[in-house]
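What follows draws every value from the coordinates through simple rules; no lab data is involved. These figures come from a predicted structure and were not determined experimentally. Because the Cβ atoms are built from the backbone with ideal geometry, glycine has one as well, and the counts that use them run over all protein chains shown.
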Amino acid sequence: MTTITKQRRALSQRLQHMRRRVIDAPRELGIVRVREVTNAIRNNRDLPRIIQFALGVRETLKKLPIDISDSELIVGKSTEKFKGSALYPELKSDGLIKELDNFNERTSMQFKLTDEEKRELREDILPFWDGTSGFDKWAKQLDKDTDFLVRNLAIIPFNDFQGSTGLSYVDYRKVLENGYEGIIGEAQARLAGVSNGGPEAEDKRAFYKAVIIAAEGVIELAKRHSRLASEMARTAPSEERAKELREIAEICAQVPAKPARTFREAVQSFWFTFCGLQQMDMPMELPGARIDQYLYPFYRRDVKEGRLSREDAQEFIDELFVRFNQVVFLGEYVITRVVDGNSTRFDLTLGGVDRDGKDATNELSYVFLDAADAVRLLHPSVTIRLHPDTPESFFQAVGEVMTNGSNVVQVFNDNVIVESFTRVGVPVEDARDYVLTGCIQPLSGNMYGPSCSVFFNGPKILEMFLNGGKPILSLAGDDADMPSPEYESWEDFYAAFKDYYRSVLERAFSQYRLVGDIQRRDLPNPVLSPLVPGSLERGKDVKAGGALNNASGIALVGNGTLIDSLAAIRDVVYTKKSHTLDEVVGWLKTDFEYNEEERQALRNHAPKFGTCDSRADEIAKDLVDFTDELLLSQPKTSRGGAHVLSMHTEAHHIYQGSMVAASADGRHAGEAMSPGCGPTSGMDKEGPTASMQSVCAMDFTKMAGGSSYNQRYSPKMFDTEQGVQAFISLLKAYFFKLGGQHLQISTVDTETLRDAQKNPAKYEDLLVRVTGYSARFVELTEATQEEIIARSEICGC
Amino acid sequence: MDVHPENDMTGLVLDIQRYSLDDGPGIRTTVFLKGCPLSCRWCQNPESISPAPEIGFRAERCIGCRTCQKACPADAIMFDNADRIDRGRCTACGACAEGCPSRAMFAVGKRYSISKLLEEVKRDAAFYEESGGGVTLSGGEPTLQFDFTLAFLKACKEAGLNTAIETNGLAASDNLRKLLPYLDRIYFDLKIINSVEHQRLTGADNRQILENARMLVECRAPVDFRLPVVPSMTANKANISEIGVFLKKVGVREIGLCPYHENWVTKLSWLGRRDSPPAELQKPLTSEELLSVIDMFSQEGINARSVEGEIAAR
Ligand code: SF4
Ligand code: SF4
C-alpha cells in the first residue's frame, strides 16, 4: 500500500499570471455585437433574416475593438471586453429589459456595464427587441393549458431561447483542414449550382450568401489581429516579445482563412472559429468537441519533424484553457438560479473510440487531461469517454485526476452512448463519434440537437396528479385544495399517474414544435451551420434540419424524488395499507405540519432509490421504459429528429424544488429535489455500490440525451493508492458490468464545505461538481451549497 | 452442532458494510458478526461484544412521538429517564425499533439465514470481480458463531467469492483449522504478548491466541498479523518489542497496524452505558505516535504498515 505523494504540476509563471488575471477580472457586458446585429436588421429590412444576421456578425468582427495583452500567444476574444458577455436579445429580451439596472448590483453573477452602454441599450437597442424576440413570439401563442403548466414549472419548454441552441456537433476539422476560404469556396460553388426559381431555391441562395458573409467576418477578425501584432512587434518591450508578436502576425495571416500548417496554427484557428461561433445563438453550451482527435495530426507531424515538444504543446493547451474563461454569459435572474454558480458549459471531449470502433486515446488526450488538472478553472469542462479498451494508463490518469480533489472532469461510457444513438436511427459510425455538449448531453457525430430543450418536473407533475390537476403550491396563485383521486390498487393508481404524465409530456412536445418553428424562421445561424455536416450540402440552416442527424431532448428533473414518492405511496397506501391516499395527500397539503411522525416514517422506513431496494428500483426502470416508448411514438421534431430523454438538472432540482409542495418521500415543501438521474441527496445510505446498482436499474441506452450521476467522496478515501485503485475498479464495474452512463464525483469532505461557508475567502479556489458542471463552491447560493453538503459523503466509516 | 439444515441456520449479524476497503484486497463487503469473547478496553465496537441482540437509542433523532412506548410489550420505555430504556426490563424484542419513525430506536443485531446473508453479499459481485475483492467476516469475533461462520464461508466459496476473516485468535485450534479450506486470507490480531497485561486489558488469557498464531504460520495458512495501535495500551515499547520477538520466532517479518480511533465513545450512550473510557482513549492516535510505532517495529526488524495507508498526503 503506497501513499500518494504526487504533486500537482505547477503552471509556468506566464500562465499563473494569466490565470490569476482571469479569476480577478470582473465580468463585463460587451455591446458591439448586439449593436451591429440590431443595426444590420434595421438597415436591411428587406433582406432575409439569415443574411441580416450574417451582416451583423461580419460588422461585429470588423469593428470589435481588439488587443493583444502582455504575454499572450493565443489571441482573439469573442467580445470587446477582457472577460465579456455578448447579448442576444433576439432570443429572449424581456429579462434584459427588466433587469438592465440590476446587472451591476445583483448578489450573484454580477456584470459590469458603463452608464453610457446602459443608456444605449435602454434607449436604442433593446426597444427594438421589446416584444419581438423569439421567446416573445412563442409566449404570445401559448394556449391556456400550457401556460398553466409553464407558470407552475411543471414544464419549461422554452430553453432553446436561453442558450441551449449551442448544443451541436461542430466539425472544427473542416476549418483546420480547409480554412474559411475553403468553406467560402464550397458555398460559392454550391450557390452557383442552385437551380433557378421557387421559394426553396431562394432560401438556399440566401443561406449560402449568409454563410459566405459570416465566414468573411471570421477571416477579418484574424487579419486584424495579424496587423495589430505586426504593429506591436515594432514597439515591443523586448526582442523576445517582438519575435513572438511577429509569429502571431504570421499565424493570424494564415488561419483561419487558410489551412493550418502547424499545431500552433491549428490551436489558433480553433480559437478564432470558437470566437466567431460566439456571435450567434448565445452558445453557452457550445462544445470544443473531440479536440484531442482533430488536433492530433498537427501535433504528431510537428513532433515528428522536431518543431514541437510535448512541453510546448502543454503550454499552448494550458493557455487555451485559461482563455476559455474569458467568455462568459449574462443570464437573467432566473438563469443565475438554475445554472447556479456557472452558466458556461464549453465541453472538451477526450478519448473514446473512433468512427471504426477502435480506441482513439492519444498523447493529446493526456495533455488535455493534465491541463484540466493543472489549470483548475471552471472552463472548459472536460469530459472523458471510456470504453473497455481504453488503455489502462489512461484509466489510471483519469482515476488520479478524478480523485485528487480537482473536481474538474466527468466520465462517460461509450458502450451505452453509442447504443443509445443507434437505437434512434443514427448510423453507428456517427454514434461512435459522439461529443459532449452542455453539461452532460452527448450528441452523435454530425448531429444538431439541443438535448435540454424541454425540462419537465416529475415531482410537480405528481403533485398536480394527486391534487386533481392543480398545484398544491403555486407562486402564480393557481394553488387549490382539490379532492385526491381514489384507486383500488397500486396498479390502477400507477396507470392513472402515467396517463397524466403522458398528457403533460405530449403538451410539452407540441409546444416544442412551436419553438422549433420560430427557431427555423427567425433565428437561423449562418456561423454554426457550415460547420455541421449536412447543412452546406443541403443548403439548409441547422435550425431548418440541415444537419445529417437531428435530435432534441427533454430532461426530467427530480427523478429520485419522483421514484421515492411513488414507492412511498405504494408502500404505505397499497402494500401496508397503513394510510389512505387521501390521508397522505392531506399531509402534503399541510407540509406535514401535524404529521412529523408520518414524515419521519416516510423518510426512514419507505423504500428509497439508491439503496438497491427493488421496490424503488423497479419503478425507476419502468418510468424510463415508459417515457422511452412515449418518445419513440412522437412525431419527429420540426428539424426531423427524434426526441430523446435526458436526466440532468443543472441546479433546476434546487430552483424548481423551491416551488414544489411537500412530497410523499418525506421531503418538505420547497426543499431541493434529487440531483441528476440519481438518488435524493443523503438517501443513498448503503454506499456507492448500492447507489450505482439502483441507478443502473434504469436502461441508459434509452437516455440518448444523457444523464448526470453525482457522488461525493471524502478525500481520505483517496489518501492511499489502494483507495484510488478501488475507485477505478468501481468505475469500471459500474460502466462495463452494470451499464452506467455517466459519473462525476466531488472529492471534498463535509467539514471543509462547512468551513468554506463560514470562511469563503479561504476557499475561493475550491471547485465542486454540481450536476454536469463545476462551480466555485463559495459562489453558489446557499440552497445549492446545502444540497451538495447533503449528498452522502462516502468515507468508508 | 446445529441440527437444522445449513441454509436455515441463522447468525446474529451486527452490520453489513459495502464498499469496504480496509479489510482485504479490492472492494469488499464486510459482515460483522455479533459477540466476542474478549472485552478490550479500547474496543471500537462496544455494541459487538454481547452475543445477544440489543436495542440502541439515539436521543438526537427522537421526535417524542411515543410510538415506541405504545409498542413495547415489556413496559420498558421510560420518558423521564435519561436513558430511554429500562435495560433491566427490556427483552430486546425489537418492537420499538420497528415502530420508531425516526430510527432513534434501532435494533443492534439482526438474524440472518445463510441464504439471506449470501444473497446480500452477492449483490456486489460485479465489483468484487472487477477489483479482486470479496467478502470479509469480522466481528465481534466471527469464530464465536462457529457453525454459522463455517457454513457461510462454505457457501461463499461455492458461490465463487473471495473470502477473508478478521479474528482475534481466541478460538479452538481445531475450529480454526476447519475454516482454512474456505478462507483466502486471515487477518489475525496480535494485541499484547505479556499475559498479565493481556488479561488485564482484554479480560482474557492469551495463551490460546499465541498458540493459534503459531499454528497458522506453521501450516502455511495465508495469515496477516495486525496490531490495533492503542495509545499506551498496546503502543508501548515493551509490547512492541515483545511482538517483534514473537513474530521473528515464528518466522514472520511483517505486521499491519490498525490506528485507534476515538469516535466510538458516543456509541456507549446509545447502549445506555454511562461509563466513560479513560482519558487516553478519548483522543485519536496521532500520526507521530503511529510513526513511532512503525519505527519501533523497524528496530526489531519488522516491517510495519498502517492498514489505512500512511499518513495523509494531502
Ligand atoms: S426492545 Fe422490546 S422490550 Fe426492549 S424497549 Fe424495545 S419494545 Fe421494549
Ligand atoms: S418512537 Fe422513536 S421518535 Fe418516537 S418517541 Fe420513541 S424513540 Fe422517539
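Here are the numbers for this structure:
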| quantity | calculated |
| --- | --- |
| Kirkwood hydrodynamic radius (C-alpha pairs) into Stokes-Einstein, the range B:54-108, 37 °C and 0.692 mPa s, D in µm²/s | 306 |
| Chymotrypsin sites (Phe, Trp or Tyr not before Pro) within the range B:206-314: DSSP coil, no more than 16 neighbouring Cβ in 10 Å | B:TRP264 |
| Among A:748-756, A:25-33, the order from most to least packed when residues are scored by Cβ within 10 Å on average | A:25-33, A:748-756 |
| Rounded Å value of the spacing that divides the Cα centres of the range A:6-28 and the range A:378-396 | 24 |
| Prolate/oblate/rounded label for the range B:180-255 (Cα gyration tensor, a/c 1.5) | prolate |
| ³J(HN,Hα), Karplus 6.51/-1.76/1.60, whole Hz, each residue of the range A:492-509, x for Gly, Pro | 5, 4, 5, 4, 5, 4, 5, 4, 5, 4, 4, 5, 5, 5, 5, 5, 4, 5 |
| Value at 222 nm in deg cm²/dmol, rounded to 500, when DSSP H runs of n ≥ 4 in chain A each add -39,500 (n - 2.57) | -14500 deg cm²/dmol |
| Helix-derived mean residue ellipticity, 222 nm - over chain B, DSSP H n ≥ 4, -39500 (n - 2.57), to 500 | -9000 deg cm²/dmol |
| Proximal charge balance of A:THR390 [Cβ under 10 Å; K/R count +1, D/E count -1] | -2 |
| DSSP beta bridges in the protein assembly as shown [antiparallel fraction, %, rounded to 5] | 30 |
| Separation of alpha-carbon centers, the range A:206-225 and the range A:667-720, rounded to whole Å | 45 |
| Shape category assigned to the range A:281-339 from the gyration tensor of Cα positions, a/c cut at 1.5 | prolate |
| Entries of A:LYS112/A:LYS204; A:LYS83/A:LYS540; A:LYS258/A:LYS540 with Cα pairs more than 29 Å apart | A:LYS112/A:LYS204; A:LYS83/A:LYS540 |
| Amide H partners (placed H, <5 Å) of B:ASP15, local residues excluded | B:PHE32 |
| Relative frequency of Cα-Cα separations exceeding 18 Å in the range B:193-309, percent | 56 |
| Long-range HN-HN contacts of B:LEU137 with modeled amide H, under 5 Å | B:VAL31, B:ALA164, B:ILE165, B:GLU166 |
| Cut-off 11 Å between beta-carbons: net charge of the residues surrounding B:GLY24, Lys and Arg +1, Asp and Glu -1 | -3 |
| Within 10 Å of each Cβ in B:64-71, the average number of Cβ atoms from other chains | 1 |
| Cα gyration tensor of the range A:668-718 - equivalent ellipsoid semi-axes, whole Å, descending | 20, 17, 11 |
| Principal semi-axes in Å for the protein assembly as shown [√(5λ), Cα gyration tensor, largest first] | 57, 36, 25 |
| Low-density loop cleavage sites - trypsin sites (Lys or Arg not before Pro) in the range A:662-744, where at most 10 other Cβ are within 10 Å (DSSP) | none |
| 3J(HN,Hα) from dihedral phi, the range B:105-117, Karplus parametrisation 6.51/-1.76/1.60, rounded to Hz, x for glycine, proline | 8, 8, 6, 10, x, 9, 7, 10, 7, 4, 5, 5, 5 |
| Karplus 3J(HN,Hα) series, Hz, for the range B:81-87 with 6.51 cos²θ - 1.76 cosθ + 1.60 (x for Gly, Pro) | 8, 5, 8, 5, 10, 7, 5 |
| Space enclosed by the convex hull of the alpha-carbon atoms of the range B:71-173, per residue, Å³ | 170 |
| The range A:101-259: Cα Rg divided by the 2.2 N^0.38 Å rule of thumb | 1.52 |
| Fraction of the pair-distance distribution of the range A:476-617 above 22 Å, Cα-Cα pairs, percent | 58 |
| Whole-number D in µm²/s for the range A:454-703 (Stokes-Einstein; Kirkwood sum over Cα pairs; 10 °C, 1.306 mPa s) | 83 |
| Residue among B:ASP75, B:ASP83, B:ASP205 with the largest mean-square fluctuation in a Gaussian network model of chain B, springs linking Cα atoms under 10 Å | B:ASP75 |
| Per-peptide average of other Cβ atoms within 10 Å, ordering A:565-571, A:758-764 highest first | A:565-571, A:758-764 |
| Cross-link pairs A:LYS63/A:LYS243; A:LYS174/A:LYS636; A:LYS716/A:LYS758; A:LYS144/A:LYS470; A:LYS576/B:LYS116; A:LYS81/A:LYS118 - those with Cα-Cα distance over 18 Å | A:LYS63/A:LYS243; A:LYS174/A:LYS636; A:LYS716/A:LYS758; A:LYS576/B:LYS116 |
| For B:ILE240, net neighbour charge (Lys/Arg +1, Asp/Glu -1) across residues whose Cβ lies under 12 Å away | -2 |
| Interchain or long-range residues, amide H under 5 Å from A:VAL353's placed H | A:ALA360 |
| Of B:LYS70/B:LYS110; A:LYS732/A:LYS762; A:LYS98/A:LYS140, pairs whose Cα-Cα distance is over 27 Å | A:LYS732/A:LYS762 |
| Radius of gyration and Dmax over the Cα atoms of chain B, both given in Å | 20.4, 62 |
| Between the range A:57-84 and the range B:221-272, the alpha-carbon center distance in angstrom | 65 |
